[in-house]
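Below is one structure, written out as structure tokens; comments come after it.
The values are calculated or read from the model by the stated rules, or taken from the named source; none is laboratory data. These numbers come from a predicted model, not from an experiment. Glycine gets a Cβ as well: all are built from the backbone with ideal geometry, and neighbour counts include every protein chain shown. These accessible areas exclude ligands, DNA and RNA; they are computed on the full protein's heavy atoms, side chains included. Shrake-Rupley method; radii C 1.70, N 1.55, O 1.52, S 1.80 Å.
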Amino acid sequence: MLQVKYDREEMLKVIDNVTQKTLSMDLTWDWPCGVAYYGVTRAYQTTGNKEILDRLVQWADEYIELGLPSWTVNTCAMGHMLITLYEETGDQKYWDIALSKVDYLQNHALRFGDNVLQHTVSVANDFPEQAWADTLFMAAFFLLRVGSKLKDEAMIQDALNQYYWHIKYLQDPSTGFWYHGYNNVNKDHMSGFYWGRANAWGAYTMSQVKPQLKDWYLYPQCMDVECSLRDQLAALKLVQTDNGLWRTVLDDEESYEEVSASCGIAAAMINNGNPLHTKYVQKALDGILQNITEDGRVLGVSGGTAVMKDREGYRKIPKDWIQGWGQGLALAFLSDIVEIGGDPIVQKNNGSLHPARRIGL
């Protein structure tokens with residue numbers, strides 16, 4: 001099993017700092033908040049701190065009263081938080097909203113080819129017949145969680161169909177890496193780069209399939225997920241930098257290291273459970289903690305990224321601001337670290353466990 005060295009008390013402190021900073025951000029009902037609050041719910045599940053739940057409830061209730069936006073693939077990312085709020089409070093309104101997102105995805109969202117969800121960021125037809133790796137987190141993983149909870153086989157199959165076709169469209173079988181997107185009209189990967197966070201969306205959500213399905217081995221598509229993730233992680237470990245991170249374009253040494261992708265990839269390694277990945281997770285932990293400030297800001301996170309036209313487009317995406325997805329993926333990763341189990345080995349004096357102290361950032 002994975003055996004990662006960390007100081008439990010310090011780790012819980014970092015989780016609390018990141019959680020408090022995330023909850024203080026003025027996030028709106030869209031995918032940045034969806035990823036952020038998914039991470040916050042993971043922090044709540046890990047720590048049992050009821051204050052976190054209370055603040056999520058307060059935020060959600062205020063937003064619901066003011067009115068919610070129209071659904072898109074991206075806004076369906078908020079469904080992850082709604083599942084947890086319903087499970088923890090029993091309040092039916094959260095579940096009803098979650099189910100309305102399911103209804104949108106199943107009956108109204110744009111699809112193409114073999115019933116594949118088109119990635120949508122607004123109510124317009126933004127990217128005709130395009131599949132993006134982002135959709136797996138925003139929609140497929142969400143559908144899988146709801147379908148598993150309801151024991152709804154049709155919904156589970158729909159979710160797994162999204163995984164299957166996103167693997168077919170986006171994973172390069174020769175490298176194991178994932179492309180950012182696929183254009184079904186032109187039958188190409190557009191600019192054709194292995195974007196770091198796309199690989200995080202793919203790896204992290206695939207690592208969640210087995211935990212969601214008790215009899216996962218009875219679903220043929222799960223075999224594709226298992227093999228896809230195996231090949232992807234085998235390739236990703238080879239492009240981890242000396243700092244324990246992954247670049248915004250994975251195989252481009254002139255691209256900057258990107259922390260949200262690093263969190264998602266390392267979390268996938270934890271959830272996949274291969275003990276030979278221990279050293280890569282340990283290295284990632286040390287590198288990620290060096291990019292978290294004492295006040296809970298996750299640094300080195302690239303801005304929201306469309307499928308860019310060229311390599312320079314990816315290289316120039318700014319990373320000077322904290323982002324909801326960076327906060328959320330960091331919380332998911334740190335929560336997974338704490339939940340590995342066993343007795344964590346305390347290391348206090350080598351400096352690797354202390355969050356970054358970068359005054360003025």
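Roughly how many Å² of LYS21 are accessible to a 1.4 Å probe, to the nearest 10?
Roughly 60 Å² of LYS21 is accessible to a 1.4 Å probe.
How would SER255, SER24, SER174 line up by accessible area, probe 1.4 Å, largest first?
In descending accessible area the options line up as SER174, SER24, SER255.
Given only helices, namely DSSP H runs of n ≥ 4 each adding -39500 (n - 2.57), what is the per-residue ellipticity at 222 nm of the chain, to the nearest 500 deg cm²/dmol?
Theoretical 222 nm ellipticity from helices: -16000 deg cm²/dmol.
Just from the alpha-carbon atoms, what are the Rg and Dmax of region 231-299 in angstroms?
That works out to 11.7, 37 Å for Rg and Dmax.
How big is the dipole moment of the chain about its Cα centre under a simple scheme where the beta carbon of each Lys and Arg is +1, that of each Asp and Glu is -1, and everything else is neutral? Debye, nearest 20, please.
540 debye
How long is the gain from ASP320 to CYS227 if the chain were fully straight, where each residue apart is worth 0.36 nm and the alpha carbon distance is subtracted?
Full extension of this stretch gives 29.9 nm more.
Accessible area, 1.4 Å probe, largest first: how do LYS151, LYS309, LYS210, LYS168 sort?
LYS309, LYS151, LYS168, LYS210
Separation between the LYS151 and VAL185 pseudo-spin-labels, each 7 Å from Cα along Cα→Cβ, expressed in nm?
The two pseudo-label positions are separated by 4.5 nm.
Give, as ranges by residue number, the residues of region 167-206 whose backbone N falls under 17 Å from the point 7 Å along Cα→Cβ of ALA306.
Within reach of a label on ALA306: 180-186, 189-193.
For region 70-145 and region 231-286, what is the separation of their Cα centres, given in Å?
About 27 Å separates the Cα centre of region 70-145 from the one of region 231-286.
Taking the Cα-to-Cβ direction at ASP114 and at ASP61 and moving 7 Å from each Cα, how far apart do the two end points lie in nm?
4.6 nm
Rounded to two decimals, what ratio of Rg to Rh does region 135-227 give with C-alpha atoms and a Kirkwood Rh?
Using only Cα positions, Rg/Rh for region 135-227 is 0.98.
Quick one: of the DSSP bridges fully inside the chain, what percent are antiparallel, nearest 5?
Taking every DSSP beta bridge with both residues in the chain, the antiparallel ones total about 90 percent.
Compute the signed sum of charges (Lys and Arg +1, Asp and Glu -1) over the other residues within less than 10 Å, Cβ to Cβ, of THR41.
-1
Counting only residues 5 or more places away or on other chains, whose amide H sits under 5 Å from the amide H of MET190 once H atoms are built in the peptide plane?
So MET190 has HN proximity to ASN183.
Using only the alpha carbon atoms of region 119-158, find the Kirkwood hydrodynamic radius as the inverse mean reciprocal pair distance, in angstroms to one decimal.
It works out to 11.2 Å.
May I ask you to rank THR46, THR205 by accessible area, largest first, using a 1.4 Å probe over the protein chains only?
Largest accessible area first, the list is THR46, THR205.
At 7 Å along Cα-to-Cβ for each site, give me the label-to-label distance between LEU276 and GLN3 in nm.
Going from the LEU276 label point to the GLN3 one covers 1.8 nm.
For region 150-158, what does the Karplus curve 6.51 cos²θ - 1.76 cosθ + 1.60, with θ = phi - 60°, yield as ³J(HN,Hα) per residue in whole Hz, taken in order and with x for Gly and Pro?
8, 6, 9, 5, 5, 5, 4, 5, 4
Would you kindly work out the equivalent ellipsoid of the chain from its C-alpha gyration tensor and give its semi-axes, the square roots of five times the eigenvalues, largest first in whole Å?
Three semi-axes, in Å: 28, 25, 20.
Given the C-alpha centroids of region 1-40 and region 174-220, what is the distance between them in whole angstrom?
If you average the Cα positions of each part, the centres end up 24 Å apart.
So which of LYS21/LYS309; LYS168/LYS309; LYS101/LYS214 end up more than 27 Å apart by C-alpha?
LYS21/LYS309
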